[in-house]
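In what follows, a single structure is set out as structure tokens and then discussed.
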Amino acid sequence: MLFYNTILKTIQVNTSYNSYFGLMRQMYKKVLFLQSKRTILTQKSNVHFLAHCFFY
């Protein structure tokens, strides 16, 4: 039973990781799309925005 629970937890963790990275990929694609639309933004602010998306 304990073994089964461990497997279940592992699957849950993997799923949450996958959904998290999927979300990050979507965000990154959106950011890239916005960047291509708004090239006025300086590179520095783009990097800051990306860092904000990934780390906060």
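What to note about this one:
- Verdict on L23 being aliphatic (A, V, I, L, M), part of a helix (DSSP H, G or I) and at pLDDT 80 or above: yes
Yes/no per residue for (1) surrounded by fewer than 10 Cβ atoms within 10 Å (Cβ to Cβ); (2) small (G, A, S); (3) modelled with pLDDT under 75:
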residue	(1), (2), (3)
V13	no, no, no
S19	no, yes, no
F33	no, no, no
I40	yes, no, yes
F55	yes, no, yes
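The values are calculated or read from the model by the stated rules, or taken from the named source; none is laboratory data. Everything quoted here is computed from the prediction, not taken from an experiment. Every residue, glycine as well, gets a Cβ built from its backbone with ideal geometry; the counts of neighbours run over all protein chains shown.
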